[in-house]
Amino acid sequence: MLASNDDEIQLKMKKHNFSAGPCILPQEVFQKASESVKDLDGIGLSILEISHRSKEFINIMESAKSLALEQLGLDNSYEALFLQGGASLQFLMVAYNLLERKAGYLDTGTWSSKAIKEAKLFGEVEVLASSKEANYNYIPKNVAIPSGLDYLHITTNNTIFGTQFKDFPTSDASLVADMSSDIFSRKIDFSKFSLIYAGAKKNLGPAGATLVVVKKDILGKVSRQIPSMLDYKVHAGKESMFNTPPVFSVYVSLLNLQWLAKNGGVAAIEQKNQAKADLIYGEVDRNPLFKGFAAVEDRSMMNATFNLMDEQYKDKFNELLKEAGVNGLNGHRSVGGFRASMYNALPKESVQVVVDVMKHIEKTA
Ligand SMILES: *Cc1c(COP(=O)(O)O)cnc(C)c1O
């Protein structure tokens, strides 16, 4: 069983946090992180006041980078970087560093379309498929990928719409993925990807750091000059210490990765995440008051989107959720309805609380 002790503490103390991001982290991580603000590992200094050049922080950075690669099953042909600027800065950094001639993008939601907009500033962008006409409620499949692309960009989990790639397109192009909302949540062959980026605040740590994992041999191929702060090679050459890194966010990300490793890694967390997803979608499908938003075969294990069949129950449902201590279940404004974000640290029992409220409103409707 995964982290049952942590789940118990969470359930005793706190709200059931379904926030899409910044998101729930393990209680054990919050505990250690708060101790480190007063005194980091008994060194007599706070994590917030030590030099990022101190041996303590260099050790934290090195451990975070190597543990990130280890959990993804990647070797040292990849470099892990902890950068700033969020996943949104990666929308342009990817293109700045990799786009010379032409890139292909799959448009599967708000975040993909933002990535496309930025990439167009740097070169030719071909949108190879889009589910926009259906308000992004599915993942386009069997997309023909032309040869000769500099890279192919996908968003593996569409946080807002609740869809997720289960299979990945194959092509001769380097595969680049925004995994902000599902990195470290399931076991996939990460070595299929040449570059993966993820804003920490969805499933990795607090806001501030962005993890970039890049295959070293794809760098240094574009002819343009890249400003130092936006150049992956510069950051890689300086071990993510070209300038002051977001020290606290990197430290808490390390604590979370250690929690993940201790509890069986991505393979074990995937089983827990699958059980949570099965529970909520099972009720969405069974309960006549609710309907799912995303195409069944593309449903996200992280963000479950659903709507009420009849809006007249909305206030009552929200009131019952509030009484049950449920936080953050409101859907994004572009989808409406509800979204249960079930990141790694969310206990299954919290999902059960929502399911019980759904059953309750059905009985009283
Ligand atoms: C939240 C999110 C982003 C934006 O992340 P920031 O770190 O806020 O820039 C990008 N992509 C996906 C898939 C997201 O869920």
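The values are calculated or read from the model by the stated rules, or taken from the named source; none is laboratory data. Since we're looking at a predicted model, the values are computed, not measured. Every residue, glycine among them, receives a Cβ derived from its backbone with ideal geometry; neighbour counts consider all protein chains shown.
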Practice task
Could you give me the residue pairs with C-beta distances under 7 Å whose first residue belongs to the stretch 62-87 and is at pLDDT below 95, whose second residue is assigned to a helix (DSSP H, G or I) wherever it lies, and which are 6+ apart or on separate chains?
Solution key: none
Practice task
Confirm whether residue 187 is surrounded by fewer than 20 Cβ atoms within 10 Å (Cβ to Cβ), part of a loop (DSSP other than H, G, I, E, B), under 17 Å from the mean Cα position of the chain (by Cα) and away from the ligand (no atom under 16 Å from the Cβ).
Solution key: yes
Handout entry: Candidate set from the stretch 39-58 (those that are within 29 Å of the chain's Cα centre (by Cα) and in a helix (DSSP H, G or I)); member that is surrounded by the most Cβ atoms within 10 Å (Cβ to Cβ)
Key = 57
Practice task
Please verify whether the stretch 7-22 includes one or more residues that are closer than 21 Å to residue 262 by Cβ, of a type outside the set (A, V, I, L, M), more than 16 Å from the ligand (Cβ to nearest atom) and in contact with a Phe, Trp or Tyr (Cβ under 7 Å, 6 or more places away or on another chain).
Solution key: no
Practice task
Could you tell me whether the stretch 313-324 includes any residue that is out of contact with any Leu (no Cβ under 7 Å at 6 or more places or on another chain), among the polar types (S, T, N, Q) and either more than 23 Å from residue 139 (Cβ to Cβ) or at pLDDT 95 or above (or both)?
Solution key: yes
Practice task
Could you please find all residues in the stretch 63-119 being away from the ligand (no atom under 13 Å from the Cβ), under 21 Å from residue 255 (Cβ atoms) and part of a helix (DSSP H, G or I)?
Solution key: 63, 64, 65, 66, 67, 68, 69, 70, 71, 72
Exercise for the section: Could you figure out which of (1) within 16 Å of the ligand (Cβ to nearest atom); (2) more than 27 Å from residue 267 (Cα to Cα) isn't true of residue 201? Expected result: (2)
Exercise for the section: Kindly list the number of the only condition in (1) among the small types (Gly, Ala, Ser); (2) more than 16 Å from the ligand (Cβ to nearest atom); (3) within 25 Å of the chain's Cα centre (by Cα) that fails for residue 209. Expected result: (2)
Problem - Boolean, residue 212 is β-branched (Val, Ile, Thr) and crowded, with 17+ Cβ neighbours inside 10 Å - result: yes
Completion exercise
The condition of being touching a residue at least 12 places away in the same chain (Cβ under 8 Å) and under 19 Å from residue 199 (Cα atoms) holds, among 119, 103, only for 119
Exercise for the section: Check the stretch 238-258 and report whether any residue there is of a type in the set (A, V, I, L, M), over 19 Å from residue 71 (Cβ atoms), surrounded by fewer than 17 Cβ atoms within 10 Å (Cβ to Cβ) and in the same structural domain as residue 40 (by TED's automatic domain parsing). Expected result: yes
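For every residue, the table says whether it meets (1) aliphatic (A, V, I, L, M); (2) touching a residue at least 60 places away in the same chain (Cβ under 8 Å); (3) surrounded by 15 or more Cβ atoms within 10 Å (Cβ to Cβ).
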position	(1), (2), (3)
314	no, no, no
317	no, no, yes
332	no, yes, yes
339	no, yes, yes
344	no, yes, yes
350	no, yes, yes
355	yes, yes, yes
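Quick grid of which residues meet (1) more than 16 Å from the ligand (Cβ to nearest atom); (2) assigned to a loop (DSSP other than H, G, I, E, B):
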| position | (1), (2) |
| --- | --- |
| 121 | yes, yes |
| 128 | yes, no |
| 136 | no, yes |
| 140 | yes, yes |
| 145 | yes, yes |
| 153 | no, no |
| 160 | no, yes |
| 168 | no, yes |
| 176 | no, no |
Practice task
Write out, first by first residue and then by second, each pair whose Cβ atoms fall under 6 Å of each other, whose residues are 6+ apart or on separate chains, and whose first residue, in the stretch 1-22, is among the β-branched types (Val, Ile, Thr) while the second is part of a helix (DSSP H, G or I) and at pLDDT 75 or above.
Solution key: 9/27
Handout entry: Selection within the stretch 140-159 - surrounded by 15 or more Cβ atoms within 10 Å (Cβ to Cβ) and touching a Lys or Arg at 6+ places or on another chain (Cβ under 8 Å)
Key = 149, 150, 159
Handout entry: Test result for residue 328, within 20 Å of the chain's Cα centre (by Cα) and at positive phi
Key = yes
